[in-house]
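One structure is given here, and the rest of the page talks about it.
The values are calculated or read from the model by the stated rules, or taken from the named source; none is laboratory data. The shown structure was predicted, so the numbers you read here are calculated from the model rather than taken from an experiment. Glycine also receives a Cβ, built like all others from the backbone with ideal geometry; neighbour counts cover every protein chain displayed. Quick note on the areas: whole protein, heavy atoms, side chains included, nothing else; ligands and nucleic acids left out. Shrake-Rupley method; radii C 1.70, N 1.55, O 1.52, S 1.80 Å.
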Amino acid sequence: MKRILILGAGTAGTIMANRLHRLYRRNVKTADVTITVVDQDQQHVYQPGLLFVPFGIYRPEEIVKPRRNLLSKGVNYVSAVIDHVAAEENRVYLEGHEPLDYDVLVVATGSRVVPEETEGLTGPGWREKIFDFYTPEGAAALAPKLASFTGGRLVINIVEMPIKCPVAPLEFAFLADWYFTQRGIRDRVSITFVTPLDGAFTKPACTRALTHLLTEKRIDLVTEFNPGSVDGAAGELRSWDDRVVNFDLLVTIPPHMGAAFIPRSPGLGDEMGFVLTDPATLQSELKPNIFAIGDATNVPASKAGSVAHFEAEVLQENVRRYLAGEPLDPGFDGHANCFIETGHHKALLIDFNYQVEPLPGKFPFTVGPLSLLKESRLNHLGKLAFRWVYWHLLLPGRDLLGIPARMSMRGKRLTLNPAAAPQPERPPTTETVAR
Amino acid sequence: MTTTTLAYKDLERDAEGFLKRPEDWNEAVAEEIAREVGIETLTERHWQVVKFIRERFLTTGSAPSIRTLGKESSVPVKELYQLFPKGPAKLAARIGGIPKPKGCI
């Protein structure tokens with residue numbers, strides 16, 4: 001009997017459990033394979049929806065479902081807090097539950113925000129004039145605050161990288177511009193985007209497009225600002241090099257870390273609690289029978305659901321190969337694909353990987369090409385439709401309407417900055433088409 | 001490959017000024033890069049950070065984050081920002097002749 005144990009029932013863990021269940025359905029029936037998922041709580045949050053909660057577009061209860069209902073029947077679900085992974089024993093210790101032994105372990109415990117890491121962030125003013133929107137509680141608390149905001153300085157701040165969905169803070173700024181315009185008080189609100197990066201985004205072509213949008217929407221940009229402390233009472237965000245940004249309302253993206261059990265599991269993760277992972281095979285550096293997927297890894301890809309989805313295709317194959325004693329497929333290319341909501345019923349679409357930055361052009365898609373790096377209404381509709389896609393196609397581990405795991409160069413224009421966009425390692429013609 | 005020391009201006013660098021080959025680096029190169037980024041003199045504290053960051057990269061293959069620097073280089077975060085204004089991890093990496101830290105995706 002082979003025991004597959006998956007830690008975490010978020011986006012990555014749920015996709016992985018359902019894919020592996022489909023792969024091993026017969027073996028699960030004959031009890032030759034068991035698939036068990038562990039998570040510490042019962043509610044699965046549709047995280048892309050958190051962006052819309054503060055603006056009253058979604059209500060908090062519209063973006064959660066019970067985790068168990070999203071897992072295939074035949075997958076065992078254990079609700080317990082993970083104490084640590086004992087790699088040498090092939091065993092995971094849980095709090096208040098007997099330990100679980102495994103033949104293959106998949107770590108999919110994501111990342112979490114840790115506002116306590118920044119001095120003063122959770123002090124006076126927390127959830128009164130300082131909010132996060134990366135948690136259901138934070139997003140829900142921010143909605144009435146925005147609704148009653150009559151004007152002043154709104155500051156959106158990223159404390160440090162990496163963060164989940166690196167474009168969400170910009171989307172928040174764009175939506176805030178739209179929201180206050182709708183309410184007729186945009187002239188009384190200043191919006192400032194404060195980032196530790198040296199531009200609006202990390203990739204050059206994308207930064208240019210987004211900087212242009214910031215200017216157009218009268219959103220001020222402060223770069224290379226690394227917050228050392230926050231004074232809620234005075235409304236001051238202070239950098240380590242003593243620059244100050246004043247706010248009446250601070251929307252912060254606190255530091256992110258991996259799950260708390262990772263530092264308690266010797267050799268598994270880095271100092272931030274992210275699992276040391278091979279970027280191409282997704283095998284852990286600690287031991288061959290441990291793999292990691294999604295936000296939980298330290299691979300240099302975006303922490304985003306689309307990345308977890310693309311990784312799942314490669315990881316499913318590598319779990320199969322590992323159990324069959326075959327060499328692993330170094331097939332993950334860092335592919336990410338994100339809609340960027342820009343307000344006023346429009347959105348951008350970006351598609352990139354480890355080597356190729358987001359490029360302009362057209363993205364081939366079932367219903368017709370979507371514009372890359374350019375605002376359009378169709379992209380906005382795509383973003384809204386994605387909630388249905390998430391629950392009904394993505395989590396069950398289905399392929400997404402013909403979008404392959406490996407990034408395609410089809411439709412992308414390379415003319416803007418050829419030097420910054422090397423060709424992918426394998427030519428597009430040899431791409432594996434999504435099954 | 002030649003063993004003679006190349007002048008800094010002849011070394012291959014990426015678009016952001018990071019050395020392409022960490023093995024091209026030496027202390028004189030570090031001083032030149034430092035002047036280029038506006039640090040006139042590298043003090044003992046600067047060297048402590050630069051050498052730590054380089055050593056860490058050469059042994060682990062990745063540059064330490066500002067968080068690790070603050071905890072393990074024995075120079076506190078506040079001072080790191082005084083020594084290397086704006087982006088200590090990035091600047092120290094550049095002066096240390098290693099690639100730009102991957103913290104930002």
- Which of the residues spanning the stretch A:257-274 are buried (at least 24 other Cβ atoms within 10 Å of the Cβ) and within 14 Å of chain B (Cβ to nearest Cβ)? A:G258, A:G269, A:F274
- Query: Do we have any residue at all in the stretch A:303-326 that's of a type in the set (G, A, S), touching a residue at least 40 places away in the same chain (Cβ under 8 Å) and in contact with a Ser or Thr (Cβ under 7 Å, 6 or more places away or on another chain)?
  - Reply: yes
- Task: Could you figure out which of (1) within 17 Å of A:T202 (Cα to Cα); (2) crowded, with 23+ Cβ neighbours inside 10 Å; (3) outside the structural domain of A:V37 (by TED's automatic domain parsing) isn't true of A:K303?
- Result: (3)
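Here's the yes/no breakdown for (1) more than 14 Å from chain B (Cβ to nearest Cβ); (2) in a helix (DSSP H, G or I); (3) among the acidic types (D, E); (4) within 22 Å of A:V45 (Cα to Cα):
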{"residue": "A:A140", "(1), (2), (3), (4)": "yes, yes, no, yes"}
{"residue": "A:R153", "(1), (2), (3), (4)": "yes, no, no, no"}
{"residue": "A:I156", "(1), (2), (3), (4)": "yes, no, no, no"}
{"residue": "A:P162", "(1), (2), (3), (4)": "no, no, no, yes"}
{"residue": "A:F174", "(1), (2), (3), (4)": "yes, yes, no, no"}
{"residue": "A:Y179", "(1), (2), (3), (4)": "yes, yes, no, no"}
{"residue": "A:D187", "(1), (2), (3), (4)": "yes, yes, yes, no"}
{"residue": "A:A209", "(1), (2), (3), (4)": "yes, yes, no, no"}
- Task: Within the stretch A:22-50, count every residue that is open to solvent by 60 Å² or more (accessible area, probe 1.4 Å) and either in contact (Cβ under 8 Å) with a residue 12 or more places away in the chain or of a type outside the set (S, T, N, Q) (or both).
- Result: 11
- Task: Among the numbered conditions (1) touching a residue at least 24 places away in the same chain (Cβ under 8 Å); (2) touching a strand residue (DSSP E or B) at 6+ places or on another chain (Cβ under 7 Å); (3) open to solvent by 30 Å² or more (accessible area, probe 1.4 Å), tell me where A:A147 comes up short.
- Result: (2)
- Could you please tell me which pairs satisfy a Cβ distance under 9 Å, a separation of 6+ or placement on different chains, a first residue in the stretch A:268-295 that is more than 14 Å from A:T109 (Cβ to Cβ) and in a strand (DSSP E or B), and a second residue that is open to solvent by 50 Å² or more (accessible area, probe 1.4 Å) and of a type outside the set (A, V, I, L, M)? A:Q283/A:Y322
- Item | Lone qualifier among B:L58, B:L42 - being in contact with an Asp or Glu (Cβ under 8 Å, 6 or more places away or on another chain) and either away from every other protein chain (no Cβ under 14 Å) or in a helix (DSSP H, G or I) (or both) | B:L42
- So how many residues does the stretch B:77-104 have that are within 10 Å of another protein chain (Cβ to nearest Cβ), open to solvent by 40 Å² or more (accessible area, probe 1.4 Å) and not in a helix (DSSP H, G or I)? 4
